[in-house]
């Protein structure tokens, strides 16, 4: 995926390898150390994540951002059929520990 | 009408209640009472203020018709007038109509004034007209009584009203049984489609939250995506054929999650056996058979680290197979393998002991004893971690032999047999200088000599645990920590080192256990480096000692401390808890079970306080930011 490099922007665009683009709040994406590093180092990465998974990842970013300070958070719904692939993506993005305090 | 009544009396015979039986034995007929009441009501309906002559024929209504002042006995609308009305002349009907309207108005006024009406008006404040509401209540009350004949509002057939008769959906009259059933069926259909309410609700969720806190898995904010995925996967594990090439930590997490739900069985075990792997961690082997364990060794030829909990079927034949293979384990963790004979342990250690660096054996009763510990120095020369936990066989003779394990770095013992302090002292004097972990659980007879030996010998200790000692004194702990040439500890567990004297529980003349001075000395020595401190039930530590140690104003800061357990330290107050949170900036969890002086603490954001004795529960999660 590629991160747009207009630094002052509040938003980040994630592009999947099949051309889907997701515009997200920058603050919401920093939950992923991987993306955080991409943004900081001003590098561009492209990764084999298709729009279907990236959509879920983007949904998770928003879900995390919305709930980052709440105590009792309902679980996000994960479709069973993309569970394993999403797990790989989550691992790549470093979303394995709850990093509500990293932001 | 009287004939109807009499017919009813002879033909309706249902099961009788105890009251009916009782009344019958006193020559009172319940049925008669009911019929009388019915007749009175009907008379009131048909002919307010005038007694029906038929009733007197019946000989049952000694009382005159009840006046229509109670809302229960109200004149009915035209539909309920009943057949007797037709017999009357038109003129009579007109006067009756006027009268009835007046009566009706009276009752409606009364309904409007009633409490019930006021309440309902408050509830249904959506612009409903007052008159309409009162009329609705009126209609409801004046519905035909059970036992009466009525025309069905839907199909028009005549039928007997029962308590189960349904009212028509539009509110106009009652329905006969077939029509009512039809309506019931129609109603049921959308009900079934309704989504089931998720279990729990607010109370269930709160319970789950508390459970997570006690498990130590609680996190404020949302769960990580990996956790969410793993939970979904664990719920649908039977659909997974292969985990693919997921990285090891993720696979391990899945294994833990599955074991927690007790889902690890013959079928799901295959997901975790990757031929190229070097480690297999089975967190719950209760459902696995001996063949499954053999399969582990067949599929994973490069196995180096093996951990099996609840390894009930790890039997002799499994050990035989392991010995026969070219597998040289470096780490071996076995929990609950009671079917493994002592001779097999010897065989295994003789054959495979050379490569073994870590041996941890939990929950065995008979077959892991002194002779095995005695053989360790020769069979496992490079052993550097040994843990024997919940063991009923090992005694002092076995522990004595551990002094010969020159490479030992980590030693944890939780034995049931009595071992004298002198034996520990001799072991420490031999291998104490290199030990990084020294953990002795449940040692009531351990005394100050062991503390002195630790002070004199140990130089690289990071983790120390001595629990349940009833002989060690405050002075002993002071001697241990004052001027100890060991660097600061990372983990310290001194729980339940306290005086146990039930006749004089408050007095502690000999300062047995960890008391104020020992606590000051330990925090002075290791406070800066400690990550985990457990002084559970060290109840003679005074409030002054706590306030002094955690004196934020005096610049006492403990940056490393993450988890602290001070339950049953009786002197802990709200103020001390506040001090602890201020002086330990990275403290995540503080346990204060049984600290009855803790009442109402403001917990900083993101910290967890467990065990507050109040009705809210066992935890307060901070609402306000401390800084």
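If R0 is 56 Å, what FRET efficiency do you get for residue B:160 and residue A:69 from their C-beta distance, rounded to 0.05?
On the way: r = 64 Å, r/R0 = 1.15.
Given R0 = 56 Å and the Cβ-Cβ separation, E is 0.30.
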Problem - Pairwise label distance in nanometres, residue B:266 with residue A:80, each label 7 Å out on the Cα-Cβ vector - result: 2.3 nm
Completion exercise
Working note, region B:475-583: Cα radius of gyration (Å, one decimal) and Dmax (Å, whole number) are 13.4, 41
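Under the Kirkwood approximation applied to all pairs of distinct alpha-carbon atoms, what is the hydrodynamic radius of region A:11-92 in Å? Spell out each step's value before the answer.
On the way: mean 1/r = 0.0747 Å⁻¹.
Here the Kirkwood hydrodynamic radius works out to 13.4 Å.
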Fill in the blank from the handout: Listed with the fewest Cβ neighbours within 10 Å leading, A:38, B:472 appear as A:38, B:472
Completion exercise
Per the rule of 0.36 nm per residue minus the C-alpha distance, extending residue B:18 to residue B:354 adds in nm 112.6 nm
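How much length is gained if the chain between residue B:552 and residue B:33 is pulled fully straight, taking 0.36 nm per residue apart and subtracting their Cα-Cα distance, in nm to one decimal? Don't skip to the end; give the middle numbers.
On the way: separation 519, 0.36 × 519 = 186.84 nm, distance 8.27 nm.
Gain in length upon complete extension: 178.6 nm.
Based on the Cβ-Cβ distance from residue B:378 to residue A:27, what FRET efficiency comes out when R0 is 51 Å, to the nearest 0.05?
Values: r = 62 Å, r/R0 = 1.21.
According to the calculation, E is roughly 0.25.
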Practice task
Would you order B:160, B:227 from fewest to most other beta-carbon atoms within 10 Å of each residue's own beta-carbon?
Solution key: B:160, B:227
Fill in the blank from the handout: Going fewest to most other Cβ atoms within 10 Å around each Cβ, A:81, B:571 line up as A:81, B:571
Handout entry: Spatial extent of region B:143-183: Rg and Dmax, with the Cα atoms as the point set, Å
Key = 8.7, 23
Practice task
Rounded to the nearest Å, what's the spacing between the alpha carbon centres of region B:245-262 and region B:267-317? Just the number, please.
Solution key: 14 Å
Completion exercise
Here the gain from full extension of residue B:597 to residue B:26, 0.36 nm per residue of separation minus their alpha-carbon distance, amounts to 199.0 nm
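With r defined as the distance between the Cβ atoms of residue A:37 and residue A:11 and R0 fixed at 22 Å, what FRET efficiency is calculated, to the nearest 0.05?
Values: r = 18 Å, r/R0 = 0.83.
Efficiency computed from Cβ-Cβ geometry: 0.75.
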Practice task
Give me the Kirkwood hydrodynamic radius of region B:212-311, using the inverse of the mean 1/r over all pairs of distinct Cα atoms, in Å to one decimal.
Solution key: 14.3 Å
Practice task
Can you pull the one-decimal nm distance between simple spin-label points at residue B:588 and residue B:487, each 7 Å off the Cα toward Cβ?
Solution key: 2.3 nm
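Laboratory data are not the source of any read-out in this text; all were calculated from the coordinates shown. Since we're looking at a predicted model, the values are computed, not measured. Cβ atoms come from the backbone with ideal geometry, glycine included; neighbour counts cover every protein chain shown.
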